[in-house]
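So the structure is just underneath, and the comments pick up after that.
Just so it is clear, none of the values below were taken in a lab; they were calculated from the coordinates. Just so it is clear, the model here is predicted, and its values are computed rather than measured. So basically every Cβ, Gly included, is an ideal-geometry build from the backbone, and we count neighbours across all protein chains shown.
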Amino acid sequence: MSLETRRHCTEVSAVAKGRFVGDPSFEYELTETRQQGEGDEAVKEEFTMKVTEEKRLAATVFNIERDVSVVPRGAFIRTPHDMVQVNRSFQGLSTLEAGNLSNYLHFTEPQYLKKKSILEMADLDPSIDFLDPLSEDIPKGSWSLQMEGSSVCVLRSLLWLGLTFFHVPSTPQHGYIYVGDGLKNLDLPFML
């Protein structure tokens, strides 16, 4: 994530609270009093931040993609030149594999993989195991995995309520959709 994107997301989360209004030009406003200088020379200054609904929506979509975009293990490969591309030979997870949360990966820059020891990395295939598995998410239990018979596997995020992922075992068909209120479930650790 670039420094500009990180700053933008931090600014939006500080200013914009509550549900979306529905007007892209609506401005959320936050006024803070900051102290400039020290001691007797300290001066209090009011600082106002404004964020439009449009920028808030863009930051929310970015955060959802970063936190909960999902792909089945093996659907994408990393080439020897460090390029990620669709695995054309992916025929889907078996029904048994589809019922295991560790066979689903975050489709974003890995965080936990970089912290693994060499011994833990020895069992991984670098061409398909280059993303973080959902089973390592913190807090544990932030995903609901359900099998609809043996025909469809459905994953739901409890962090971003409204995110639903599906995979049809033994086929390359998979995808996800977010239909929610755009609010992250910050109460999740207390609910588990």
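Miscellaneous remarks
- Ranked for footprinting exposure by Cβ neighbours inside 10 Å, fewest first, T171, T60, T164, T48 give T48, T171, T164, T60.
- Taking other Cβ atoms within 10 Å as a rough exposure proxy, F165, F190, F26 sort from fewest to most as F190, F26, F165.
- Full extension of the segment from T52 to F190, taken as 0.36 nm per residue of separation minus the current Cα-Cα distance, would add 46.6 nm.
- Here r is the Cβ-Cβ distance between S151 and T33 and R0 is 41 Å; the resulting FRET efficiency, rounded to 0.05, is 0.10.
- A simple spin-label model places pseudo-atoms 7 Å from Cα toward Cβ; at N63 and S135 they are separated by 3.0 nm.
- Residues D129, D137, D82, D23, arranged from fewest to most other Cβ atoms within 10 angstrom of their Cβ, appear as D82, D23, D129, D137.
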